[in-house]
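Chemist: Below you will find the structure I want to go over with you.
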């Protein structure tokens, strides 16, 4: 009845006389119900003061503790074509085992004797370098010989110059003697002529003195010619010294030019030898890359490039491998608002997918089926999903994780924070406040020490 009418039936009819009324409107029922409510409120009041552990929940998946233990793909650093597979999916391979063989697809590497022929080119160029080295040595010897010969020629020319100068001095002295002789002959001729005019000398004496005077004059002219010839020899000796210097300077310069040309060719050949050696090494390493080997021991997960004769580019993924030995870890993500509440070394409870668990977030001691973890790394930059990545390692003080866990399966994580009363946690949840901000005890002690 909706009690729309103002005529209430219970006011006009006494329903307590009926059997149903006797069972419902009985004071004992009120008494028991009131007791129940009283006990319930008393228990609820005490429950409000029970400790409740605040926590930060996250969702993640299983991974490995170190990057080298995680599943990886094997790439080829060179392009090629698949020729032969040596493994199957699921096979166990050791480090260095051959996985597949590939062949070359670039035309500049088709020659099967490319490495040997490059080695022949290197040897030929090395012989060319040796030849240029010997030529440089020969030119250095030639330059030394020319330098020595120039010194001797210059010394010879200087000696000749010195002789010419001495001869000039000698001829100059002879010329002065000739001049003295002609003066003497002139005085004798004059004296004889005077005596002949006085009748004291015969005409033959005069003629004899005249002849002697003429001979003396002839000797004077001859001596002047000799002096001029000696001076000319001095000039010739000086010109010879200049000519020798110029001649041997030209010869030595030409030999040095040839030497530098040979050295330039030698250096160019050495550079070509180095380039060929580099190519030889690259070709040798490239030949070893035709066999794709396992970088570490593990299991072949999946062949990404399949078939025979299929081509691929450099860097393309060929096959996936899972390392055989690895340390399990959990990669979880938390909201940015909860990131300041998580610290390195804190304990975390983990619930793995596929393992039954009963978890009470506020009372972790009453939980069942969860495993312990420890925070080992916190990402400093936000991930693509808008959360921060946290890496958890097994807690050595807790029970071991299940042996059948596999990398990639899901996991729920609960980071345990401070203990607060239940009424405070209810008040926080109703107001949408974050958990209490706190620092671990070791962090507080470090701050105090500083």
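Chemist: For the pair residue 148 and residue 59, how long in nm is the line joining their label points, each one 7 Å along Cα→Cβ?
Modeler: Result: 9.6 nm between the two label points.
Chemist: Ok, one more. Please compute the modelled spin-label separation between residue 86 and residue 156, points set 7 Å along Cα→Cβ, answer in nm with one decimal.
Modeler: 7.8
Chemist: Once you have the Cα-Cα distance between residue 134 and residue 115, take 0.36 nm times their residue separation minus that, and quote the gain in nm to one decimal.
Modeler: 3.9 nm
Chemist: For the range 130-149 and the range 51-126, what is the separation of their C-alpha centers, rounded to whole Å?
Modeler: 55
Chemist: In nanometres, what is the gap between the two model label sites at residue 107 and residue 281, each 7 Å from Cα along Cα-to-Cβ?
Modeler: Placing both labels 7 Å along Cα→Cβ, they lie 3.0 nm apart.
Chemist: So, one more: Suppose R0 equals 51 Å. What FRET efficiency, 1/(1 + (r/R0)^6) with r the Cβ-Cβ distance, do residue 202 and residue 238 give to the nearest 0.05?
Modeler: With a Förster radius of 51 Å, E is 0.40.
Chemist: Separate question: Could you give the length gained on full extension between residue 257 and residue 180, defined as 0.36 nm per residue of separation minus the Cα-Cα distance, in nm?
Modeler: Taking residue 257 through residue 180 to full extension adds about 21.7 nm, to one decimal.
Since every read-out is calculated from the coordinates, none of them should be taken as a lab result. None of these values were measured; they are calculated from a predicted model. Note that we place each Cβ from the backbone using ideal geometry, even for glycine, and neighbour counts take in every protein chain shown.
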